[in-house]
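The values are calculated or read from the model by the stated rules, or taken from the named source; none is laboratory data. Everything quoted here is computed from the prediction, not taken from an experiment. In this analysis, Cβ positions are derived from the backbone assuming ideal geometry, glycine residues included, and neighbour counts consider all displayed protein chains. Surface areas here come from the heavy atoms of the whole protein model, side chains and all, with no ligands, DNA or RNA. Shrake-Rupley method; radii C 1.70, N 1.55, O 1.52, S 1.80 Å.
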Amino acid sequence: MSDKKPKRTVHLRPRYYRWFVEPDVEWVETNTGYATLDWQVPIDQSAVVLIDVWECHYLQDTSARSEQIIQQKIRPLLAACRQHGLQLIHAPAPNVAKHYLDWRPKSRQTPEPLTETNQSTRWPPSDFRRKSGLYTDFAKPKEARQNEIDHLVANRQMHPDVRPEGADVVIADGQELHRFCSQRQILFLFYLGFNTNACILMRDYGTLEMGKRGYEIIVLRDC
């Protein structure tokens, strides 16, 4: 008899969009639709990635909607994840991650820039990216309240009700997330946070880039 313990799993029914139709059905978009899968996902190969769950936002309606989701959906979920040993990975943007160095993966303790990688040898040129030097004329006008946003961004932290605890980790970029997942043999990444049409998709640790790396991506729609 094997002494190997069976893996703990979580039962999921992920939804996906099925572009296919049955052989006798006309293949037009109106005949396609959502379908569900039936999976037993191993808990020790899964992680929940929290994207940009900040303490505030300069848009008042966005901030209010985020607060409602955090209190009603995200907090109970995080409590359940910690109870059952599901890894939590906080991805709050590079300038926010720097406030949580004690929670960074232990494999990365050497000082490195947390904001942006060195672009000096990459194209487009750094001056073009910043709209400085020869490219100043292409910069957008400075708004009257830009200083408020700059101050908020410079001092932003994670929401107090979702800050790291226990075995949680904080990552600052996609390479850190990939390295941590590789070390822990994590294959399934559950995403929550703000906002689905922007950072969750487009961050280098977001769904598109991590999907390209081969991870199974599942978005928690109500979080």
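Count of segment 55-66 residues, restricted to those that are open to solvent by 70 Å² or more (accessible area, probe 1.4 Å), in contact (Cβ under 8 Å) with a residue 40 or more places away in the chain and either in a helix (DSSP H, G or I) or over 9 Å from His159 (Cα atoms) (or both), is 1. The single residue among Ile149, Ile186 that is touching a residue at least 12 places away in the same chain (Cβ under 8 Å), in contact with a helix residue (DSSP H, G or I) (Cβ under 9 Å, 6 or more places away or on another chain) and aliphatic (A, V, I, L, M) turns out to be Ile186. Scanning segment 67-87 for residues that are on the phi < 0 side of the Ramachandran plot and not in a helix (DSSP H, G or I) yields Leu86, Gln87.
Of everything listed in (1) among the charged types (D, E, K, R); (2) open to solvent by 90 Å² or more (accessible area, probe 1.4 Å); (3) modelled with pLDDT of 95 or more, the single unmet condition for Asp52 is (2). The residue that is nearest to Cys56 (Cα to Cα), among those in segment 137-147 that are in a helix (DSSP H, G or I) and open to solvent by 100 Å² or more (accessible area, probe 1.4 Å), is Asn147. When restricted to residues that are under 14 Å from Gln175 (Cα atoms) and not in a loop (DSSP other than H, G, I, E, B), segment 195-207 contains 1.
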